[in-house]
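The values are calculated or read from the model by the stated rules, or taken from the named source; none is laboratory data. What you see is a predicted model; the values in this text were computed from it and never measured. Here the Cβ positions follow ideal geometry from the backbone for every residue, glycine too, while neighbour counts run over all protein chains shown.
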Amino acid sequence: MKHIRDIRNVASSFVVNLTAGSLRAVLVMRFLGPSLLGAWKSALLLDSIGDWARLGVSRGANLQIPILDAQSNTQESELTASAAGTYNLLLGIILCAGIFCASFFVRNPDLRLAMRLMALVTGLNQPYYAVRDLANARRRFDLRTKETLLRAAIDLGTAIVLTKLFGLAGYGTASLLPILIGAIYLQRHVRLAFRMRPDITRIKALIARGFPYSLTETGFELVRRLDVLVMAIVLGPVWVGYYGVAFLLMDFAAVLAQKGMAEVLSPHLLSEFGRTGSFSQVASFYETPARLFCYVLPPMLGVGALLLPGSVRLVLPQYLRGVPAAEITLWAVFFVAVHGTMSSFFVAAQKIPAVLRLYAIVATAGATAQYLVMKSGFGLAGAAWTTLVTMAVLSSGEMFLARRACGHCMGETIPFLSSLYFPLLAAAILRILVGSLSLGAWLPGPLELLAKIAILLVFYSPVLFAYESKFTILRAIYQTI
């Protein structure tokens with residue numbers, strides 16, 4: 001169960017990273033305000049271009065290098081890594097120049113500055129991703145853990161100081177420094193050989209191997225960011241700024257699910273599949289984490305929903321207009337977490353084409369729904385509800401595909417999904433009921449909130465105990481660790 005320990009270490013470092021990042025984000029939101037934050041978040045969408053433009057080269061290397069290393073084919077492994085790294089380096093230069101040039105056609109001065117800063121961030125991200133992915137492919141999760149903690153410390157300190165002193169320009173500069181230092185740290189240990197002349201033959205082979213899977217990752221990012229993308233076009237960057245609290249919650253969940261879990265599960269799952277060749281044997285790699293999330297995460301989300309309004313009112317009062325949307329978006333975190341358990345399974349099960357068809361359908365329907373909701377005047381809350389429903393549909397569709405690959409029919413999958421979603425539904429109902437209680441006549445404000453949290457946890461505890469009695473996942477994880 002080495003993958004459990006790796007997940008624990010990497011996920012723990014990302015929890016520290018994301019906690020520091022959340023503190024940084026809260027302070028940055030205060031320093032920038034909705035207008036400047038909206039400009040940055042709108043420009044941040046440009047970073048997604050790199051996901052598409054990498055064409056799956058790094059992903060193809062990640063799928064091939066573990067096999068080559070296991071076969072002691074060191075020379076081919078190094079040449080494959082070098083080809084992927086060189087492609088990413090040249091891509092970073094091209095993207096940086098392209099986004100910077102595009103900024104001259106933007107009239108809004110804040111958005112123009114944000115785009116120029118994002119050009120540097122996007123350009124530097126590409127070689128950083130290359131060395132980071134090589135460390136993952138070679139299971140150097142000890143390096144990833146240390147590098148994540150190093151970046152968290154640098155990111156927190158520089159972002160607060162530079163944003164306070166220089167505003168948007170300072171925040172963009174602070175976004176560059178952790179990427180640069182993280183890339184240098186990893187490069188010192190993994191020694192990726194960058195070359196100015198690309199190996200076209202190997203790059204084509206890597207694209208053929210990795211592009212389909214890379215499309216699924218990019219497709220998921222597109223689906224979960226549909227609200228911000230459509231909002232930036234229909235409502236404008238200021239509304240994107242008010243939506244920043246909801247956006248922050250989704251980013252926290254997505255990064256933790258992808259970096260802290262999916263990237264660790266992938267090499268272990270593929271190695272096990274290569275050894276056994278059985279879909280059923282590797283199904284536990286996605287079923288066990290999903291089952292764990294289904295009864296541990298809902299009470300945490302319920303407590304978070306109770307704490308959220310007061311927390312925003314205390315530290316980010318200028319973003320109060322976005323609180324109702326953030327309370328709704330919070331529940332979509334569950335579906336993001338479940339998605340993170342399944343992504344690498346689809347490679348082993350050869351279900352990538354089916355997953356891409358699912359994403360195309362959901363993305364089209366979700367974008368249309370977002371546009372109609374915003375044009376109809378439902379505002380931020382309407383966008384958040386649309387995101388929640390979209391993520392639930394996407395996660396359920398992925399689970400159907402995964403279960404079908406393991407030979408489960410529809411009649412077996414529906415009860416499985418029902419058992420996954422029941423705790424989430426129970427926690428959401430409890431949150432609504434507890435939130436409607438008026439205890440202010442007997443308890444002052446802070447004590448009233450603590451009392452509501454206690455009531456929610458007490459009434460949810462039978463669900464937690466019943467699921468743990470049946471599945472004993474918490475006990476198994478404790479014994480493994």
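What to note about this one:
- Pair list, Cβ under 9 Å, 6 or more apart: segment 99-126 residue among the basic types (K, R), other residue part of a loop (DSSP other than H, G, I, E, B): R112/V106
Listed here are the residues, each with its yes/no results for (1) under 20 Å from I203 (Cβ atoms); (2) crowded, with 20+ Cβ neighbours inside 10 Å; (3) not charged (D, E, K, R).
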site: G33; (1), (2), (3): no, no, yes
site: L37; (1), (2), (3): no, yes, yes
site: S42; (1), (2), (3): no, yes, yes
site: Q75; (1), (2), (3): yes, no, yes
site: E78; (1), (2), (3): yes, no, no
site: G92; (1), (2), (3): yes, yes, yes
site: G123; (1), (2), (3): yes, yes, yes
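- Criterion: assigned to a helix (DSSP H, G or I) and closer than 30 Å to F211 by Cβ - qualifying residue of G340, G304: G340
- Taking first residues from segment 153-182 that are farther than 9 Å from R24 by Cβ and modelled with pLDDT under 80 and partners that are buried (at least 20 other Cβ atoms within 10 Å of the Cβ) and among the acidic types (D, E), the Cβ contacts under 9 Å between residues at least 6 apart in sequence or on separate chains come to L168/D110.
- Among the criteria (1) of a type outside the set (A, V, I, L, M, F, W, C); (2) under 22 Å from W385 (Cβ atoms); (3) in contact with a Ser or Thr (Cβ under 9 Å, 6 or more places away or on another chain), the one T341 does not fulfil is (2).
- Of the residues in segment 219-229, none is of a type outside the set (A, V, I, L, M), in a helix (DSSP H, G or I) and more than 30 Å from A383 (Cα to Cα).
- Pick from segment 64-103, criterion hydroxyl-bearing (S, T, Y) and either over 20 Å from R54 (Cα atoms) or not assigned by TED's automatic domain parsing to the domain that holds P198 (or both), ranking: modelled with the lowest pLDDT: S72
- Verdict on P423 being in a helix (DSSP H, G or I) and surrounded by fewer than 16 Cβ atoms within 10 Å (Cβ to Cβ): no
- Residue list for segment 351-389, filter: part of a loop (DSSP other than H, G, I, E, B) and in contact (Cβ under 8 Å) with a residue 40 or more places away in the chain: K351
- Selected residue [crowded, with 20+ Cβ neighbours inside 10 Å and either at positive phi or in a helix (DSSP H, G or I) (or both)] from L168, L192: L168
- Number of residues in segment 300-326 that are within 21 Å of L420 (Cα to Cα) and either at pLDDT 90 or above or basic (K, R) (or both): the value is 0.
- Restricting attention to segment 223-253, the residues that are within 13 Å of the chain's Cα centre (by Cα), closer than 23 Å to N108 by Cβ and of a type in the set (A, V, I, L, M) total 1.
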